[in-house]
Amino acid sequence: RLHLELHGPHDDRSIGAAEELAYLTWIYEGDAGSALESFDRIITRLDAKGDNTAATKGWIHVKAGVIALAVADLADAEQHLAAAGPMLADAYGEVFAARPMRHRALVRLYAGQDDDAERLARSALDACLGAAEQEYIVARCLVTLGEVLTARGRYDEALDALSDAETRMARLTSTDGPDLARLHLVASRAEYKRGNTSAAVARADRAIETLEATVSQTHPELAAARAHQLMFKAKDDPAPRERLTEAYEALDNAFGPDHRLSIASLRAAADHAESTNDDHAVRRLRATIEALERRRESRIGRELHHAHPHFWNL
């Protein structure tokens, strides 16, 4: 606000402050809509300036792509991230293209293109390994690779990559933050899928503890972490269905009712109802799931809806 009053909307200081505020709005408040709208306005300002703005626009496209990916707008995410790569490479060198590349790996993964996802994840990692002052991005690339390998069913490899990432992060930062929380959440999924429920719950607990200390209580990442924790616990918990329903409500508020995680939480509740022979609840929950799946398929298309079965059954 002060920069706008003192220097006007097209000054670099005003644009820089607006960019930081927009990203913080997402990181700590989880407000994807406001952040993306702000980035669109900033790009319009930069286009009006028309001089040496490619590097700044590159970073904005990365941030907008990350947010679009988080809320499952894969087309928008791909558009932003594809635009960012050449801009950052031209401004700073090819190694900086690894930033959008690692996120594009997840776009491919969520679209069911597993081979492309792993290729991009490994290319991003290889681009940063050994490069000066790139240790933290190496750690983040390892987390991305861990998520891809988990989805491909290679859980031991995934956990090795995540262990390497955790070691690097611990060496580079003195405080926990959202990046480390995401690492724990990916690791929790890998542990659960290979049958280690207690380790999965412990990792989810660590993710929740970190996020509760650093982000808004309504942040989508925190809602996702809590839902994962409840779904992991449902395997051994005799009465988790009410809490699973609460998880769905939180995910609905964060992502929408037909987001893959929202539906997964309802599926876990239905599985639990079936295990306790509550036929009425099973019928009700399965009918709701079928309606939401039809809605999701209509919204994003049949091919994308059915692209990646790994994400439907936690």
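The values are calculated or read from the model by the stated rules, or taken from the named source; none is laboratory data. It should be emphasised that the depicted structure is a prediction, and the values quoted were computed from it without experimental measurement. With ideal geometry, Cβ positions are generated from the backbone for all residues, glycine too; neighbour counts draw on all protein chains shown. These area figures cover heavy atoms from the full protein model, side chains too; ligands, DNA and RNA do not enter into them. Shrake-Rupley method; radii C 1.70, N 1.55, O 1.52, S 1.80 Å.
Note the full-extension length gain between HIS3 and GLN134 as 0.36 nm times their separation in residues minus their Cα-Cα distance, in nm to one decimal.
44.0 nm
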Legend entry - Reported label for calculated P(r) over Cα pairs in 20 Å bins from 0, in percent given [x] 18, 36, 21, 15, 8, 2, 0; [y] 31, 57, 12, 0; [z] 24, 39, 22, 13, 4, 0: [y]
Legend entry - Cα gyration tensor, the stretch 161-220 - rounded (a/c under 1.5), prolate or oblate: oblate
Inset, instruction - Treating the angle as unsigned and between 0 and 90°, give the value, to the nearest 10°, between the Cα long axis of helix 155-172 and the longest Cα principal axis of the chain. - result: 40
Inset, instruction - Taking the chain as the reference, fit the longest principal axis to its C-alpha atoms, fit the long axis of helix 220-233 to the helix C-alpha atoms, and give the angle between the two in degrees, 0 to 90, nearest 10. - result: 30
Inset, instruction - Would you check the accessible area of ASP90, probe 1.4 Å, heavy atoms only, in square angstrom rounded to 10? - result: 140
Inset, instruction - Would you calculate a helix-derived [θ] at 222 nm for the chain, using -39,500 (n - 2.57) for each DSSP H run of n ≥ 4 and dividing by the full residue count, to the nearest 500? - result: -26000 deg cm²/dmol
Legend entry - Total charge dipole magnitude, the stretch 1-82, about the Cα centre, Cβ charges on Lys, Arg, Asp, Glu only, Debye to nearest 20: 180
Inset, instruction - Find which of ALA17, LEU4, GLY85 sits farthest along the positive direction of the dipole of the chain, computed with +1 on the beta-carbon of Lys and Arg, -1 on that of Asp and Glu, about the Cα centre. - result: GLY85
Legend entry - Under 18 Å from LYS57, Cα to Cα: aspartates and glutamates that are on another chain or at least 8 residues apart: ASP11, ASP12, GLU19, GLU20, GLU37, ASP40, ASP47, ASP76, GLU78, ASP90, GLU94
Inset, instruction - Rounded to the nearest 10 degrees, what's the angle between the helix 241-255 long axis and the longest principal axis of the chain, both from Cα atoms, 0 to 90? - result: 20
Legend entry - Nearest-0.05 FRET efficiency for HIS280 and THR167, computed from C-beta distance (R0 45 Å): 0.35
Inset, instruction - Take the alpha carbon gyration tensor of the stretch 95-207, find the square roots of its eigenvalues, order them as a ≥ b ≥ c, and report rounded if a/c is under 1.5; if not, report prolate when a/b exceeds b/c, else oblate. - result: oblate
Inset, instruction - Compute the Cα gyration tensor for the stretch 27-111, then decide on rounded, prolate or oblate, letting a ≥ b ≥ c be the square roots of its eigenvalues: rounded whenever a/c is under 1.5, prolate when a/b is larger than b/c in the other cases, and oblate in all that remain. - result: oblate
